C-alpha cells in the first residue's frame, strides 16, 4: 500500500519529533536530521545557478527570485511557464541541486523580497522514509509525505540567522502547464464577493457574499452591497447551493472549514451534507444522496482554507488543490498537514480582511506566519498550541501510517495582487514616519489609531524599505517589537489588556 500516493525515492533519514506529545506523534522516539538536504538529493544534480547581478533593480527595487528543479530547462512544456514569470517579474532563476548550501548562499546574497518556487506536481509529491523507534522497542520504517513543503519553509527561514521567513514566497504549480500559465498571466484582483462555508464567512468585511455554517445545519448568511449580512434559513444539505454560487463566476474569495483530505472536503462538519471532490483534474460536488453537480467556475479567485486538514497537499495530479487551481484559484492558502481549532492560520483574516485592503492576500498570509514565529520565539506558545502550523515538528498519521509535517503552505505568485475592496472602517489605521538623525541613524515612528472597539489578535505589521540588517534601540513602545529585513511587528496589545476604544492611539519609536 502506498500511503502517500507518491513517487518514493527510498531515501532513509532519521526524523525528529522534539518535544511533541507521545499521544499526538504516536511514537516513542525518533532521531533527527536535515530534510532540506534529503529533498535536494531527491532532485539530483549539482547546479544551483550562478550568483545573479546584485545591482539589478526589480519591481521598484523589490528583487524577485524564481527557484526551480535543475531539470526544469529540459521540460519543453513547463519551462515556458518559468520564462513567462521571469519576464513578468524581471526575475532571476535559481536551481535546486545537491548543494543546498550554495543555493542558500546565492539566495541570501541576492536578498530577494519575493521568491516563487515553480514546481510540477510530481515534485510536490516527493516522499522519503523515516525510521522510528516505536514504544516497546519496535523499529519500523514509515513514509514521510510533503518533503517539498518542509524544504521550502526550511530554506526560506535560513537565509539569515533570525527565525523569520526572509522573503515573501509562494509555490506556483498546476495539474498542467496551462493551469500554471493562467496563474502567471492573471491580472490583479479586487475581492468584492465571498463564498464561505465558515459560519458567518467574514461577510462583515466584504461588499457581498454568501456563507454557510459548517457546524449548524440550516445556518446561512447573505450580504448584498450596502447592507449588513442577513441570517436566513439555509438548506439541510448545502451542496447544490454552494455549487450554484460558484458557477455564477462571480466569487472572488472562497473560504472553507471542516473535515478534509487531499481528495475530499466534507461541507458539513457536525452534520451530514455533501462533498467537493476532484474528478480527472476538475471539481465535482456530490450531495449526501449521491447526486452530482458539475463545477464550472473558471474566474480568478483566492482560496482561504484555515480549517481543513490536508487540503493543500499535492499527492498526484488528481487532488483538491490542483483542481481548485484549474478552476481559477490563483492563490491558495491551506494545510498540508493536520488542522486544529487553535490553528494560527485563522489570523490571516485579520491582516487581509479586517484591515480592508491594506495588505494583499499573499502579504497577509506571510505576515501572519511571521506573527506566529514572533510568538514562538518569545516563548508564549505551549507545546501543544498551534501545533498544526509549526512546521518544525512532524506528526504521525495513525490512519495512514505516515509522517506529515504540520504546516500550512501558500500557492501562487507571491507578488500577484489580490486585495479586499474597502467597504467598512478598518480595524485600525496605521502610519510609519521616517526621520533621518545625525550620525547616520534613522528614527522610525509606528502609529496605530483604532477605528473599531476591538482588540487585535496579531501585532501591527509594517513593511520597511530597508533590506539591510540593522541594530535598533526602542525608545518608546513595546520593547519586544521586531525589526528585521523588510518588515516590523509591533505588539501594542497584550493578552490581558482591555479592549481598545475607538480613537485610542498607540505609538512606538525605534532608532536604527
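Starting with the highest mean, order 111-122, 305-316 by the number of other Cβ atoms within 10 Å, averaged over the residues of each peptide. Don't jump to the answer; show the numbers that get you there.
Values: 111-122: 23.2, 305-316: 25.6.
Output ranking for 111-122, 305-316: 305-316, 111-122.
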Rounded, prolate or oblate: pick one for the stretch 213-312, where a ≥ b ≥ c are the square roots of the eigenvalues of its C-alpha gyration tensor, a/c under 1.5 means rounded, and failing that, prolate if a/b is larger than b/c, else oblate.
rounded
Convex hull (Cα only) mean projected area of the stretch 186-358, reported in nm² to one decimal:
9.3
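Against the empirical 2.2 N^0.38 Å scaling, what ratio does the C-alpha Rg of the stretch 428-511 come to?
Dividing the Cα radius of gyration by 2.2 N^0.38 Å gives 1.12.
Using only alpha carbon pairs under 8 Å that are at least six residues apart, calculate the relative contact order of the stretch 186-358 and give it in whole percent. Walk me through the intermediate numbers first.
Details: 427 pairs, mean separation 31.7, N = 173.
After rounding, I find 18 percent.
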Near-label residues of the stretch 251-275 by backbone N, under 16 Å of a point 7 Å along Cα→Cβ of residue 289:
272-275
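Rounded, prolate or oblate for the stretch 55-200? Axes are the square roots of the Cα gyration tensor eigenvalues, ordered a ≥ b ≥ c, and the cut-off for rounded is a/c under 1.5.
Values: a/c = 1.62, a/b = 1.34, b/c = 1.21.
Prolate, because a/c is 1.5 or more and a/b exceeds b/c.
Round to the nearest 0.05 the FRET efficiency obtained for residue 457 and residue 417 when R0 = 22 Å and r is the Cβ-Cβ distance. Don't skip to the answer; put the middle values down first.
Numbers: r = 25 Å, r/R0 = 1.12.
Efficiency computed from Cβ-Cβ geometry: 0.35.
Once the piece of chain linking residue 431 and residue 401 is laid out straight, how much longer is it, given 0.36 nm per residue of separation minus the C-alpha distance between them? Mind showing how you got there, number by number?
Values: separation 30, 0.36 × 30 = 10.80 nm, distance 5.00 nm.
So the chain would gain 5.8 nm between residue 431 and residue 401.
Is the stretch 131-178 best put as rounded, prolate or oblate by its Cα gyration tensor, with a ≥ b ≥ c the root eigenvalues, rounded for a/c under 1.5, and otherwise prolate when a/b is larger than b/c, oblate when not? It would help to have the intermediate numbers written out before the result.
Numbers: a/c = 5.62, a/b = 1.51, b/c = 3.71.
Cα axes put the stretch 131-178 in the oblate bin.
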Could you tell me the relative contact order of the stretch 428-511? Use alpha-carbon pairs under 8 Å, at least six residues apart, and round to a whole percent.
38
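Could you sort 186-192, 151-157, 287-293 so that the peptide with the highest average Cβ count within 10 Å comes first and the rest follow in order?
Per-residue mean Cβ counts within 10 Å order the peptides as 151-157, 186-192, 287-293.
Compute the normalised compactness of the stretch 68-153: alpha-carbon radius of gyration over 2.2 N^0.38 Å, N being the residue count.
Working: Rg = 16.9 Å, N = 86, 2.2 N^0.38 = 12.0 Å.
Against the empirical 2.2 N^0.38 Å value, I get 1.42 for the stretch 68-153.
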Order of 471-481, 268-278, 352-362, 502-512 by packing, highest average Cβ count within 10 Å first?
352-362, 268-278, 502-512, 471-481
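We did not get these values from a lab; they are worked out from the coordinates using the rules stated. This one's a predicted model, so the numbers in the text were calculated from it and none came from an experiment. Reconstructed Cβ throughout: ideal geometry from the backbone, glycine too, with neighbour counts over all protein chains shown.
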